[in-house]
1. Return one whole number: the accessible area per residue of the chain in Å², for a 1.4 Å probe.
2. Would you calculate, for the chain, the mean residue ellipticity at 222 nm contributed by helices, counting each DSSP H stretch of 4 or more residues as -39,500 (n - 2.57) and dividing by all residues, to the nearest 500?
3. Considering only protein heavy atoms and a probe of 1.4 Å, how much of the accessible area of the chain is carbon and sulfur, as a whole percent?
4. Once the whole set of protein chains is in place, how much accessible area is left on Arg167, using a 1.4 Å probe, in Å² to the nearest 10?
5. Treating cross-link reach as a plain straight distance, find the aspartates and glutamates whose alpha-carbon is under 16 Å from the alpha-carbon of Lys16, omitting any fewer than eight places away in the same chain.
6. Cross-link list Lys32/Lys127; Lys11/Lys99; Lys11/Lys50; Lys99/Lys127; Lys51/Lys117: which exceed 32 angstrom alpha carbon to alpha carbon?
7. When only DSSP loop residues count, what trypsin sites (Lys or Arg not before Pro) in segment 1-74 have their Cβ near at most 13 other Cβ atoms within 10 Å?
8. With the Cα gyration tensor of the chain in hand, give its eigenvalues times 5 under a square root as the equivalent ellipsoid semi-axes, listed largest first in whole angstrom.
Amino acid sequence: MNKDYYNGFAKIYFEKIINKIIEIGNLNDQDKTILDFGCGTKFLEKKLNKKILNYDINKDHTEIVNIFDYDFNVMVINHVLMYMSQDQIQKLFKDLRLKNENCELIVGIGRMSFLNKLAAILAFNFKAHDGTKTSPTEQLKIISEYVEIISKKTVFYMTDIYLLKFRDKI
């Protein structure tokens, strides 16, 4: 996605999400090595004012080719799983567990509710959910097979932010 969501009316919403991600994961802790999976315009890195690992399928935004070539202990996956198939989500979480079963995960999932759709219209973002492959319910069902929820925060009744850790046994 080439769109910069951190301007105009939508900036209030997306900046609040980033603030909640930082809060729930205590990401200002300097001992954390963070991978932003689906980094987009690298707003999380800018907000933290420190270098993090930035990965995106958009070659203009990514700094790394293969996330598994790097060591990290926190992975942020914000509004990304919706663009992945169920098989892709399962593979990602299986591979992450193999890479580092102690990795903290912070996952942002948009509810895709009437309120989300209304806010998208008000922000003149008429293609807000184009390309969606998995619903919020499907995303939670899949990731719940691998992780347990440590904490949850909600932003404007439109996005849920989860702090997760891998289950002891799958």
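1. Working: 9390 Å² over 170 residues.
Computed with neighbouring chains in place, this is 55 Å² per residue.
2. Mean residue ellipticity at 222 nm (helix-derived): -9500 deg cm²/dmol.
3. Taking all protein chains in place, the chain shows 52 percent carbon and sulfur surface.
4. About 90 Å², rounded to the nearest 10.
5. Within reach: Asp4, Glu45, Asp160.
6. In this structure, Lys32/Lys127; Lys11/Lys99; Lys99/Lys127; Lys51/Lys117 exceed 32 Å between Cα atoms.
7. Details: sites: Lys3, Lys11, Lys16, Lys20, Lys32, Lys42, Lys46, Lys47, Lys50, Lys51, Lys59; in loops: Lys3, Lys32, Lys42, Lys50, Lys51, Lys59.
Answer by residue number: Lys3, Lys50, Lys51, Lys59.
8. 23, 19, 16
The values are calculated or read from the model by the stated rules, or taken from the named source; none is laboratory data. Keep in mind that this is a model prediction, so the values were computed, not measured. So basically every Cβ, Gly included, is an ideal-geometry build from the backbone, and we count neighbours across all protein chains shown. Heads up: the accessible areas ignore ligands, DNA and RNA and are worked out on the full protein's heavy atoms, side chains in. Shrake-Rupley method; radii C 1.70, N 1.55, O 1.52, S 1.80 Å.
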